[in-house]
């Protein structure tokens, strides 16, 4: 009888630890943070469903010459996602960093200085995590609106 109880408790412990690890892993999956409809509405284009790029922490939607990518920062090189976010605020020659309000705990745009259609990114910090959305196929002023709209939607689920 003791053996059965021990096995039941052991099995329950293993299952509970697995469930905990699945929910933690889900936080690093990018595609569920935005829906195809949200991306289509923000871009004004018919886009395909999001699909991971290289790893589950990155996702891409594309259609009608418009591309949106979402990448969740992972610890890298001994730096946390927040450290990476903060490092990204540093000035880089030829790259413009511009503060954005109303998204996550902190956010900023990143784009090439003097470029109008090379893509625009928005870096977002929320809690102890950070993510980036990049949009392509827009003039810079429109790209900022699209990126911010999508970042606000993603931050709500992040």
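Here 92, 133, 122, 67 are placed in order of increasing Cβ neighbour count within 10 Å, fewest first, which gives 92, 67, 122, 133. Modelled spin-label separation between residue 37 and residue 142, with each label point placed 7 Å from Cα along the Cα-to-Cβ direction: 2.4 nm.
The spread of Cα positions in the range 29-157, taken along each principal axis and listed from longest to shortest, comes to 38, 33, 27 Å. The relative contact order of the range 76-158, computed from alpha carbon pairs under 8 Å that lie at least 6 residues apart in sequence, is 23 percent.
All of the numbers you see were taken from the coordinates with simple rules; none came from a lab. The model shown is predicted, which means the values in this text are computed figures rather than measured ones. We place every Cβ from the backbone using ideal geometry, glycine too, and count neighbours over all the protein chains shown.
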